[in-house]
Every structure is written in structure tokens, then in C-alpha cells.
Amino acid sequence: MEDKELKAWRKGKRRELLEARSALDRETRRQYGARIHRQLKDLLGDVSGHCVGAYWPFRGEFNVHPLLEELQASGTSLALPVVVEKAEPLEFWSWQPGAPLGRGVWDIPIPAERNPVSPDILLVPLVGHDDEGYRLGYGGGYYDRTLAQYKRKPLAIGIGYSLGQLDTIHPQDFDIPMSRIVTESSG
């Protein structure tokens, strides 16, 4: 597939998957969320003493906040991603539930205070994914650039819904696969 064709395919597929995710009713989303939550707890186990970089959910993504509260209560430090500069890697800033927040790109909440950390584990939202662990995100390439910069790659767990399962995302040289993908039907 030519570069121009691939960009158009990804843009169309992203739109299609976001529409399907938006169409999920509240009860289905709650059930899927409960399954994903259990799977993540089982997968992560005891991560006290480690740093988990997560995300602030928007556009129908899995709400990771209850899990983050549990992790923090068990001694895990947390961080949220911040776009510091367009087309550059994300920075993860230390955060805990209830701490003051500011507004970042796309008006997504970010920690009010800049305190960069290097997470051991990343919980990464995805729009689509394939069996090779490649993710289709929102198209900015931020997570790929972020993962590429690490000398010691964190455990990267892509989180989404099974409706985002694709035969392939047609990965490019810059795409970096997730260590694991978790959906309501994985495991």
C-alpha cells in the first residue's frame, strides 16, 4: 500500500472504530470495563514500588481511574502523559488521584506540576489493534515516539475493546508493538 493510500486507510479505519466505540451503550461499556479491570489487575499483579504511566480517558476509552486508585493505595507511583511539544515524545509527569490538574492538548487533564518520571509500565489507550500487538491510535504518533526514546522499554499494555480488532494495522517502520493488548475478551 502506498503511503498516501495507507494514511487514508488508517484515517478511515480510525473514524469507523471510533464511531463503533461511541455507539456502545452504557451497560455494555460498564460490563466491558469490569472485564478489562479484572484482566489488568491479574496481569499487573503486585507492582508496588514501580511507576505506572496511564492516561486520562476520553472519547469512550476504558476508564482506568478506579484501577489507578487501587494501584496507588498499594504503593505504586503513577504518572500521566503530557504533550510538551507537537510531534515530540510524550513526557510522563508524576500524578496521584486528587492532585491538582491543568489542561493539556485536546483539553485533556494533565498534572498541574511538571515532575517528569520514567514509568516502568505504560497503560496505553488504543483505537484499533492487531494480533502482532500493533496499535492504531489517534494518528499523532506520540506513543511510538515515546517508546522509541527509551533505552529500557517499559512494559507497554495497550487497552481497548475487541471491536477494534483488525487483521493488520499495516505497521510502518516507526510503529512499535505493545508488549500486551488487553480487551474485554482477551485473556
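The values are calculated or read from the model by the stated rules, or taken from the named source; none is laboratory data. What you are looking at is a predicted structure, and each value in this text was computed from that prediction instead of being measured. So basically every Cβ, Gly included, is an ideal-geometry build from the backbone, and we count neighbours across all protein chains shown. Remember, those area values only see protein heavy atoms, side chains included, never the ligands or the DNA or RNA. Shrake-Rupley method; radii C 1.70, N 1.55, O 1.52, S 1.80 Å.
Across the stretch 1-49, how large is the tail of the calculated P(r) beyond 18 Å, expressed as a percent of all Cα pairs?
58
Projected onto the charge dipole of the stretch 49-179 (+1 at Lys/Arg Cβ, -1 at Asp/Glu Cβ, origin at the Cα centre), which of Trp93, His50, Gly139 gives the Cα projection farthest towards the positive end?
The one lying farthest along the dipole's positive direction is Trp93.
How would you classify the stretch 58-99 from its alpha-carbon gyration tensor, with a ≥ b ≥ c the square roots of the eigenvalues: rounded for a/c under 1.5, else prolate if a/b is greater than b/c, otherwise oblate?
Since a/c reaches 1.5 but b/c is at least a/b, the shape of the stretch 58-99 is classed as oblate.
Of all DSSP beta bridges located in the stretch 81-187, what percent are antiparallel, nearest 5?
Here the share of antiparallel DSSP bridges comes out near 50 percent.
With r as the distance between the Cβ atoms of Asp42 and Arg152 and R0 = 30 Å, compute the FRET efficiency 1/(1 + (r/R0)^6) and round to 0.05.
In this case the efficiency is close to 0.80.
Each residue of the stretch 81-89 in order: what ³J(HN,Hα) in whole Hz does its phi give by Karplus 6.51 cos²θ - 1.76 cosθ + 1.60, θ = phi - 60°, with x for Gly and Pro?
For the stretch 81-89, the Karplus-derived couplings read x, 9, 7, 8, 8, 4, 6, 10, x Hz, x marking Gly and Pro.
Under 18 Å from the Cα of Lys13, which lysines turn up, not counting those fewer than eight places away in the same chain?
Hits, sequence-local ones excluded: Lys4.
Within the stretch 1-115, what whole-number % of the accessible surface is contributed by carbon and sulfur, with the 1.4 Å probe and all protein chains included in the calculation?
That share works out to 47 percent.
Does the stretch 18-92 classify as rounded, prolate or oblate by the C-alpha gyration tensor (a ≥ b ≥ c root eigenvalues; a/c under 1.5 gives rounded; else a/b over b/c gives prolate, otherwise oblate)?
It comes out oblate by the Cα gyration axes.
Extension gain Arg30-Asp131, at 0.36 nm per residue separation less the Cα-Cα distance, in nm?
So the extension gain works out to 33.9 nm.
From the residues Asn63, Gly102, Thr76, which one has its Cα farthest along the dipole of the stretch 57-110 in the positive direction, the dipole being from +1 and -1 charges on Cβ of Lys/Arg and Asp/Glu about the Cα centre?
Checked the options; the winner is Gly102.
Find how much the distance from Asp3 to Ser185 grows on full extension, using 0.36 nm per residue of separation minus their present alpha carbon separation; answer in nm with one decimal.
Extra length available between Asp3 and Ser185 comes to 62.3 nm.
Ranked from highest to lowest mean number of other Cβ atoms within 10 Å per residue, what is the order of the peptides 126-135, 94-103?
Descending mean neighbour count gives 126-135, 94-103.
Rounded, prolate or oblate: which one fits the stretch 95-187, using the alpha carbon gyration tensor with axes a ≥ b ≥ c (rounded when a/c is under 1.5, else prolate when a/b beats b/c, else oblate)?
It comes out prolate by the Cα gyration axes.
How many nm is it between the label spots at Glu16 and Asp120, if each spot is 7 Å from the Cα in line with the beta carbon?
Output for this residue pair reads 4.0 nm.
Distance from the Cα centre of the stretch 1-52 to that of the stretch 111-162, in angstrom?
Between the Cα centre of the stretch 1-52 and that of the stretch 111-162, the gap is 12 Å.
Mind checking the dipole of the stretch 28-187: about its Cα centre, +1 per Lys or Arg Cβ, -1 per Asp or Glu Cβ, Debye to the nearest 20?
280
Heavy-atom accessible area per residue, the chain, 1.4 Å probe: how many Å²?
54
Pulled fully out, how much extra length does the chain show between Leu163 and Ala87, if you take 0.36 nm times their separation in residues and subtract their Cα-Cα distance?
24.5 nm
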